[in-house]
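Worksheet: the structure to be examined is printed underneath.
The values are calculated or read from the model by the stated rules, or taken from the named source; none is laboratory data. All of these numbers come straight from a predicted model, not from anything done at the bench. We place every Cβ from the backbone using ideal geometry, glycine too, and count neighbours over all the protein chains shown.
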Amino acid sequence: MPETWQTLDANREIKILHEGKLVVIKLKGIIVPLFCGVCNTPMRTLEDGLSFRKHECCHWCALEWADSEFYDWENGWRPTKEKIQEVLETRKSTILKPILFT
């Protein structure tokens with residue numbers, strides 16, 4: 001298969017590299033930044049790309065603020081730096097906590 005971009009669906013393109021060992025998917029017409037413009041964390045997942053397309057932020061920020069404060073978000077409201085830092089600390093403690101099964 002040639003290493004060129006091909007249409008996957010209406011919003012995405014796909015490129016298969018290295019004899020099918022690596023698949024790259026990108027959103028059409030949208031360049032997703034490396035870091036979220038709100039919380040400055042890396043944009044790593046497809047969900048981040050989709051959230052950026054809709055809200056111009058990562059998936060976590062979309063869940064935390066853009067979806068729950070939709071009308072304010074659409075009118076330009078953004079959380080304070082202090083609130084962002086507070087949520088980032090919560091994310092870190094939640095993500096890094098091991099799950100213990102008894």
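Remarks
- Condition met for A66 (surrounded by 13 or more Cβ atoms within 10 Å (Cβ to Cβ) and of a type in the set (G, A, S)): yes
- The residues of segment 37-67 that are part of a helix (DSSP H, G or I), more than 21 Å from I14 (Cα to Cα) and not acidic (D, E), listed by number, are H55, H59, W60, C61, A62, L63, W65, A66.
- When T41 is tested against (1) at pLDDT 75 or above; (2) touching a strand residue (DSSP E or B) at 6+ places or on another chain (Cβ under 9 Å); (3) more than 14 Å from H59 (Cβ to Cβ), just one condition goes unmet, and that condition is (3).
- Within segment 27-60, the set of residues being on the phi > 0 side of the Ramachandran plot and either surrounded by 13 or more Cβ atoms within 10 Å (Cβ to Cβ) or acidic (D, E) (or both) comprises just one member, E56.
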